[in-house]
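The values are calculated or read from the model by the stated rules, or taken from the named source; none is laboratory data. Everything numeric in this text was worked out from a predicted model, so none of it was measured. Neighbour counts run over all protein chains shown; Cβ positions are idealised from the backbone, glycine included. Note: areas computed on protein heavy atoms with side chains; ligands, DNA, RNA excluded. Shrake-Rupley method; radii C 1.70, N 1.55, O 1.52, S 1.80 Å.
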Amino acid sequence: MYDFKIAATDKPTLYRDLASALEALVAGEPDGIANMANAAALIWESLPDLNWAGFYRNVGGELVLGPFQGRAACIRIPFGKGVCGAAAATLAVQRVDDVHAFPGHIACDAASASELVVPIVRDGVLIAVLDLDSPNKARFDGEDEAGCIKLGEILARAI
Ligand code: SME
């Protein structure tokens, strides 16, 4: 049984504990889908105020839904479309305080209000994006962004 209790109250400690737990969870496991599935579950359980946490994979230049927690979501997203597509096309983190003001935002769940998308890149190639959605506006700050970039670096070696 895996029982990671991550209960830090300040974000730097929370993300440090989360990164350690993720390292432990993926250690020695070469299957990327399994590692994405466990990562989505760990993030979902550890971060408050999310309504979706998971992955879109780069499959031949198109984003295709990967392991996630939350409501059923759109399956295919072209590069350049919506928040995930912008992250894929630019390889830049997208932190959006109000998704309804983001041009081309894809509303998979009308409850989503803010979003953080981190490209996962290995050897300069996009492998996937980590997508976190929240029902709260401006849920994600710079500390969330830095913490999730670190998670993305761990995942780049594990998926
Ligand atoms: N809202 C995203 C689509 C993916 S879902 O949020 C799970 C976007 O605009 O890229």
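Rounded to the nearest 500, what is the chain's calculated 222 nm mean residue ellipticity when only DSSP H runs of at least 4 contribute -39500 (n - 2.57) each, over all residues?
Taken over the chain, the calculation gives -11000 deg cm²/dmol.
Using Cα positions and a limit of under 20 Å, work out the lysines in reach of LYS137, with same-chain residues fewer than 8 apart set aside.
LYS11
How high is the relative contact order of region 1-96? Use alpha-carbon pairs under 8 Å, at least six apart in sequence, and give a whole percent.
Working: 108 pairs, mean separation 15.6, N = 96.
Normalised by residue count, the contact order of region 1-96 is 16 percent.
Using the beta-carbon distance between ASP3 and VAL64 and R0 = 35 Å, what value does 1/(1 + (r/R0)^6) give for FRET efficiency, to the nearest 0.05?
Result of the calculation: an efficiency of 0.65.
First select every other residue whose beta carbon is under 12 angstrom from the beta carbon of ASP109; then total the charges, Lys and Arg +1, Asp and Glu -1. Could the numbers behind the result be given before it?
On the way: positive: ARG71; negative: GLU115, ASP131, ASP133.
Once positives and negatives cancel, what remains is -2.
If Lys and Arg each add +1 and Asp and Glu each add -1, what is the summed charge of the other residues whose beta carbon sits under 13 Å from the beta carbon of GLY66?
Neighbourhood net charge equals -1.
For GLU45, what accessible surface area do you get with a 1.4 Å probe? Give it in Å², rounded to 10.
Probe radius 1.4 Å; accessible area of GLU45 about 140 Å².
Shape verdict for region 35-159, please, from the Cα gyration tensor: rounded (a/c under 1.5), prolate (a/b greater than b/c) or oblate.
It comes out rounded by the Cα gyration axes.
If you find the alpha carbon centre of region 26-54 and of region 99-154, how far apart are they in angstrom?
Comparing the Cα centres of region 26-54 and region 99-154, I get a distance of 14 Å.
With the other protein chains left in place, how much accessible area per residue, in square angstrom, belongs to the chain at a 1.4 angstrom probe?
Here the per-residue accessible area is 47 Å².
Could you list the trypsin sites (Lys or Arg not before Pro) in region 88-159 that lie in coil according to DSSP, counting only those with at most 15 other Cβ atoms within 10 Å of their Cβ?
Qualifying residues, ordered by number: LYS137, ARG157.
Which percent of the accessible heavy-atom area of the chain goes to carbon and sulfur, probe 1.4 angstrom?
53 percent
Give me the net charge for the shell around GLU23: Cβ to Cβ below 13 angstrom, other residues only, Lys and Arg +1, Asp and Glu -1.
Local net charge: 0.
Can you send over the solvent-accessible area of LEU50, 1.4 Å probe, protein chains only, in Å² to the nearest 10?
Counting only protein heavy atoms, LEU50 exposes about 30 Å² to solvent.
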